[in-house]
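Okay, so here's the structure we're looking at.
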Amino acid sequence: MRELGTTAIEALTELTGQAPDTAEHDGVMTIHADTSRVPAEDWQSLLAVLETGTFYGLTTTAAGTSTVWLSIELETPRP
């Protein structure tokens, strides 16, 4: 699953023009990227990247900055 995270980081870097923020905790990789400068025609590609995550979302601040995030489970949960 780590390769999914690497692929998502590379794709988000290309789409946003800057490396996203990443963190790992308890077997989950979380990736945050500023999308304020992503052109409208690239949002379909952006959504395709987000859909590789276990969970994903979009946050917009009062200042108008848009940030997408996704979480990828690196380990298979145990029953």
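What the table shows:
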read-out: Neighbours by Cβ (under 8 Å, 6+ apart or cross-chain): first from the stretch 18-44, at positive phi; second in a loop (DSSP other than H, G, I, E, B) and open to solvent by less than 50 Å² (accessible area, probe 1.4 Å); value: Gly27/Leu74
read-out: Residue satisfying condition, being more than 19 Å from Thr6 (Cβ to Cβ), touching a Phe, Trp or Tyr at 6+ places or on another chain (Cβ under 9 Å) and of a type in the set (Ser, Thr, Tyr), within set Thr35, Thr60, Thr65, Thr30; value: Thr35
read-out: Strands (runs of 3 or more DSSP E) wholly inside the chain containing at least 2 residues that are exposed (fewer than 12 other Cβ atoms within 10 Å of the Cβ); value: 21-25, 55-60
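The values are calculated or read from the model by the stated rules, or taken from the named source; none is laboratory data. In this text, all values refer to a predicted model and were calculated from it rather than measured experimentally. When we count neighbours, we look across all protein chains shown, and the Cβ atoms used for this are built from the backbone with ideal geometry, even at glycine. Calculation scope for accessible area: heavy atoms of the full protein, side chains included, ligands and nucleic acids excluded. Shrake-Rupley method; radii C 1.70, N 1.55, O 1.52, S 1.80 Å.
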